[in-house]
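Let me begin by presenting the structure, written as structure tokens, before commenting on it.
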Amino acid sequence: MLDEDFGATEEETIVGKKKRKKKRGKYNMGLDMWLNDSEGNVVMYWRKANQIHKWFSNLVDWNEKELINGFKVTKEQLRELVDCITRVLESKDLADDVLPTQKGFFFGSYDYDEWYFDELVRTKHDLEIELNKDSDEEYTYSASW
């Protein structure tokens, strides 16, 4: 059965040097997250990186509607996320305190395993590139599950 049969479309997003496929549609299950620039361009896309989702959701009073519709994020806040990631990557014992996982329906693994740390490395790399751009860009974070 094709994805189109479920009303889903497939888009390819280039994140860093990796190509990742994302599906958006009625029957897509799992935690998907986006960081968009002020023009709506996707800066980052994550799939089931619940530790990143928890960090962003802690920026606002937890409101499912806000997380789905999106909320503004500043460069300074993204620098704070990069600092948290750096601390965890330097001392993996801090993971549960600094960037804990978040349980949820189809949110992925709650383990502090290779996937968890790979997502941190990728996020840090891509955010550092974005933060080094000479602009006063404002961003929007949104999630779907």
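Values quoted throughout were computed directly from the atomic coordinates according to the rules given, and no laboratory measurement underlies them. Keep in mind the model is a prediction, meaning the values are calculated, not measured. Cβ coordinates were reconstructed from backbone atoms using ideal geometry, including for glycine residues, and neighbour counts include every protein chain displayed.
Summary table below
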item: Calculated FRET efficiency for the pair ASP93/ILE129, C-beta based, R₀ 25 Å, to 0.05; result: 0.35
item: Whole-Hz couplings from phi, Karplus 6.51/-1.76/1.60, listed for the range 30-35; x for Gly and Pro; result: x, 7, 10, 9, 9, 10
item: Listed pairs LYS92/LYS133; LYS48/LYS72; LYS48/LYS133 exceeding 25 Å between Cα atoms; result: LYS92/LYS133; LYS48/LYS133
item: Projected label distance in nm at THR140 and PHE71, using a 7 Å step from Cα toward the beta-carbon; result: 1.5
